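Structure, as structure tokens:
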Amino acid sequence: MKQKTLCVHAGPGPDPATGAVNPPIYATSTYAYAAFGRHRGWEYSRTANPTRVALEQAVAELEGGADACAFASGMAAIDALTDLLAPGDHIVAAHNLYGGTYRLFTTITTRHSVEVSFVDVSDLKVLEASFRPNTKMLFLESPTNPLMALVDLAEASRLAHKRGVLVVVDNTFLSPVLQKPLELGADVVVHSTTKYLNGHSDAVGGVVVVSDPALGQDLHRIQNSAGAIMGPFDAYLVLRGIRTLAVRMAAHEEGGRAVAQFLAQHPKVLRVFYPGLPTHPQHQLAKRQQRGFGAMVAFDVGSLEKAKAVCDALQIFTLAESLGGVESLISHPATMTHASVPKEERERLGISDGLLRLSVGIEDPEDLLADLDSALAKI
Ligand SMILES: *Cc1c(COP(=O)(O)O)cnc(C)c1O
């Protein structure tokens, strides 16, 4: 099935009881037993809820996985993955992960005596040297936030699998429409559904997709025990968002390319970070492992003052954290998403004070370029 068709039809299909083409929002905490000692397959909504299961099936199909588990947030999904590990285990993580994942790994995960190394995974030699006998998980993001650096997912997975290491890819930035990590060799995909999957900036959620059904069972057990479930209303919203995911991603991509090209030739912009630009150092890799370049664009205007002036002047782009919604957003990583990363570490990573990050929405690209043009004229 083609992407657009899959997005519209992924999941269990019409409700068997009524034929409703959309799964009902099963607003129920519990389920009546059919008879003493005999339930109907549903017992309690922490364990499973039909609306959540419909979403889980849909995302599993989109990513080409065997099973999925939907959580209360992207961070809850990532935290549940760390529950697969035991004290003494080791995670190799990309050095420029989403700020919240960095915070989770450095402040919570390590408290449970799981070691985490942050390494430059774009260099496969560095990656290979970072595996230890106790390494159990490789945690990757591609492209990364906010500098749009890529990892060769197929090659990284191959190196990890030689050592029996589980490969997790946070696919939030591209969505399954633009990248399918399981096809490239990863074992687990995680999403913040808050972003492109839901796409309308009106619900927080997360999902984990696995290729191995046994691992799926493990995660359902962890979720049932720890309890960080996605509620049925949010599951409904995300599933509704998925119906238009392919057409939204095409519109996002059109805007993303136009904005990146515009910024790349603008005299006030020092650097643009977008894998779709031929000047991006990993442009060839992006063409090979992605089905598009997405709509996340970062650019450097040189200083905190100039970054502030641009944000203040923009009319259509809203200054806000998050990404992946239909509306265009701008953020200033140094004071917003990456404020919890120490300044020296930020600078080492290349997240300068003049760096701005855009989540390009699905507005008409001409309006977006005009907005950026007049804001940049202020500096
Ligand atoms: C937003 C985000 C998360 C965290 O998801 P929440 O839904 O905010 O908990 C994780 N990874 C990436 C890449 C994100 O953008």
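Things to note:
- Some residue of segment 187-202 being open to solvent by 10 Å² or more (accessible area, probe 1.4 Å), within 16 Å of the ligand (Cβ to nearest atom), in the same structural domain as residue 55 (by TED's automatic domain parsing) and of a type in the set (A, V, I, L, M): no
- Residues within segment 142-180 that are of a type in the set (Asp, Glu) and either open to solvent by less than 10 Å² (accessible area, probe 1.4 Å) or part of a helix (DSSP H, G or I) (or both), tallied: 1
- Of everything in segment 209-252 that is β-branched (Val, Ile, Thr) and farther than 16 Å from residue 60 by Cα, the residue that is most open to solvent (accessible area, probe 1.4 Å) is 247.
- Out of 373, 300, 364, sole residue that is more than 27 Å from residue 238 (Cα to Cα) and more than 24 Å from the chain's Cα centre (by Cα): 373
- Test: residue in segment 160-168 that is within 14 Å of the ligand (Cβ to nearest atom) and either at negative phi or not assigned by TED's automatic domain parsing to the domain that holds residue 82 (or both): yes
- Exactly one residue out of 338, 332 is open to solvent by less than 20 Å² (accessible area, probe 1.4 Å) and modelled with pLDDT under 95: that is 338.
- Tallying residues that are under 22 Å from residue 7 (Cβ atoms), small (Gly, Ala, Ser) and part of a loop (DSSP other than H, G, I, E, B) within segment 190-238 yields 5.
- Evaluated against (1) closer than 19 Å to residue 365 by Cα; (2) within 19 Å of the chain's Cα centre (by Cα); (3) not hydroxyl-bearing (Ser, Thr, Tyr), residue 333 falls short on exactly one condition, (1).
- Taken over segment 349-371, the criterion of being assigned to a strand (DSSP E or B) and charged (D, E, K, R) is satisfied by 357 alone.
- Which listed residue, of 79, 120, is within 20 Å of the chain's Cα centre (by Cα), under 13 Å from residue 190 (Cβ atoms) and open to solvent by 30 Å² or more (accessible area, probe 1.4 Å): 79
- Total residues in segment 256-301 satisfying the condition of being hydroxyl-bearing (Ser, Thr, Tyr) and either surrounded by fewer than 23 Cβ atoms within 10 Å (Cβ to Cβ) or in contact with a Cys (Cβ under 8 Å, 6 or more places away or on another chain) (or both): the figure is 1.
- Of residues in segment 51-90 being under 19 Å from residue 25 (Cβ atoms) and of a type in the set (Val, Ile, Thr), the one farthest from the ligand (Cβ to nearest atom): 53
- Only one of the numbered conditions (1) free of Cβ contacts under 8 Å to residues at least 60 places away in the same chain; (2) closer than 30 Å to residue 271 by Cβ; (3) more than 16 Å from the ligand (Cβ to nearest atom); (4) not in a helix (DSSP H, G or I) is not met by residue 122, and that is (1).
The values are calculated or read from the model by the stated rules, or taken from the named source; none is laboratory data. Everything numeric here is computed off the predicted structure, so don't read it as measured data. All Cβ positions, even for glycine, are placed from backbone atoms using ideal geometry, and neighbour counts span all protein chains on display. Please note that ligands, DNA and RNA were not included when accessible areas were found on the heavy atoms of the full protein model with its side chains. Shrake-Rupley method; radii C 1.70, N 1.55, O 1.52, S 1.80 Å.
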